[in-house]
């Protein structure tokens, strides 16, 4: 499958050869999305990881206003990603059973994605443990970076609220 060559620059496979990456061929398929199409929806159960190989996506989360009614929510775009660094998302689905999507991903332009299915991904990791360990370390690195970033954001928000309450 030709999409494997696009994955060598993806952070998920950092430090691996094209031959190493090819062990995931049975777990992957290439999919096209039109601008405006939902790739993932916040709150849905996930069983796939997605790698952006061409195009641009926006990642958003629902902000709940004062009520609990579904109409009291607003989508807030947190980041726009392009294909330059072959970003991946949905990694929690590869680690947890019944993982719930924590954000929505929408194609901002026509996109090409590589979708990786959970069970074949796990099968490849079991069959090739040294490669699997490397990929899992790359996922852990991304999650650690996300956690560090979000911790800083919480601290900033806490500081801002504290200053507001002092007035």
Rounded Å value of the spacing that divides the Cα centres of region 125-139 and region 26-44:
24 Å
To the nearest 0.05, how large is the calculated FRET efficiency for residue 56 and residue 161 if R₀ is 30 Å and r is the Cβ-Cβ distance?
0.35
Angle between the chain longest axis and helix 118-127 axis [Cα atoms, degrees, rounded to 10]:
50 degrees
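Could you work out how much longer the chain between residue 38 and residue 137 gets when fully extended? Use 0.36 nm per residue separation minus the Cα distance between them, nm to one decimal. Show your work: numbers first, answer last.
Numbers: separation 99, 0.36 × 99 = 35.64 nm, distance 2.84 nm.
Fully extending the segment from residue 38 to residue 137 adds 32.8 nm.
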What nm value, rounded to one decimal, do you get for the distance between residue 9 and residue 146 when each label is placed 7 Å out toward the C-beta?
2.3 nm
Is the C-alpha gyration tensor of region 74-142 telling us rounded, prolate or oblate? Criteria: a/c under 1.5 is rounded; beyond that, a/b larger than b/c is prolate, otherwise oblate.
prolate
Take the Cα coordinates of region 2-166, assign each an equal point scatterer, and use the Debye formula without solvent to give log10 I(q)/I(0) at q = 0.13, 0.15 Å⁻¹.
-0.69, -0.88
Picking from 124, 35, 144, which is most flexible by a Gaussian network model of the chain using Cα springs under 10 Å?
144
In degrees rounded to 10, the 0-90 angle between helix 129-166 Cα long axis and the longest Cα principal axis of the chain is 10 degrees
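So what's the back-of-envelope 222 nm ellipticity for the chain, counting only DSSP H runs of four-plus at -39500 (n - 2.57) apiece and dividing by all residues, rounded to 500?
-11000 deg cm²/dmol
Rule-based calculations on the coordinates, nothing more; no lab input. Keep in mind it's a predicted model, so treat the numbers as computed, not measured. Cβ atoms come from the backbone with ideal geometry, glycine included; neighbour counts cover every protein chain shown.
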